[in-house]
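Note sheet for the following structure.
What follows draws every value from the coordinates through simple rules; no lab data is involved. All values derive from a computational prediction rather than experimental measurement. Please note: Cβ atoms are built from the backbone with ideal geometry, for glycine as well, and neighbour counts cover all protein chains shown.
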Amino acid sequence: MNQFIDITDRAALLNLLSRLKPDTLPLWGKMTPQQMVEHMIRQVRFTNGKLKSTLDVPLAEAAKSKQLWIYTDAQIPRNVVLGTLPPQYEYADICDAINQLMQELDAFNTYFKTPDATAIHGGFGALTHDEWLVWHNKHFTHHLKQFGLI
């Protein structure tokens, strides 16, 4: 069995996310369940054409990171902090946020129907649809584990 969730199996993903309650405590980190879902929404928007990213590291460093994170079974470690949490929620409740995440994932599929489409990852550079699937699968797995859902 693959060690990472498959985000293309939307029914299974929705089933897992639907188990989140507003008061579910993380096994590590400071995010609330809704902050985690809203974080995922924002990250997916960088891959569906709604938000644009720039390469934040030198090309050689990006190539090494891409090789490590996309082309190996490396897992995202616990307690990685890559920024601050927003002070307010964007959505009224966690159900609305989960529904929006599903819509953003649908937009991801639509965006990559364009031949040769790529989207920039700030640390890895341009990624194809298949490369983004690998990264999203790892990223979603990380956060689903954070909340004890897998």
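Observations on the model:
- Straight Cα distances below 17 angstrom link Lys113 to the lysines Lys50, with same-chain residues fewer than 8 positions distant left out.
- Every helix of 4 or more DSSP H residues in the chain counts as -39500 (n - 2.57), and over all residues that averages to -15000 deg cm²/dmol at 222 nm.
- Straight-line cross-link partners of Lys66 among the aspartates and glutamates, defined as a Cα under 20 Å from its Cα and at least 8 positions apart when in the same chain: Asp6, Asp56, Asp116, Asp130, Glu131.
- Applying both filters, DSSP loop and at most 15 other Cβ atoms within 10 Å, to the chymotrypsin sites (Phe, Trp or Tyr not before Pro) of region 71-116 gives Tyr71, Tyr89.
- Reachable aspartates and glutamates, given that their alpha-carbon falls under 17 Å from the alpha-carbon of Lys30 and they are not under 8 places away in the same chain: Glu38
- Separation in nanometres of the label points that stand 7 Å from Cα toward Cβ, at Tyr71 and Leu16: 2.6
- Added length on full extension, which subtracts the Cα-Cα distance from 0.36 nm per residue, Thr114 to Ile150: 9.7 nm
- Note, ³J(HN,Hα) from phi for region 34-41, Karplus 6.51, -1.76, 1.60, rounded to Hz, x at Gly and Pro: 5, 4, 5, 5, 5, 4, 5, 4
- Taking every Cα-Cα distance in the chain and sorting them into 5 Å bins starting at zero, the pair-distance distribution P(r) comes out as 2, 9, 18, 22, 22, 16, 8, 2, 0 percent.
- Residues whose placed amide H lies under 5 Å from that of Ile5, excluding near-sequence neighbours: Thr141
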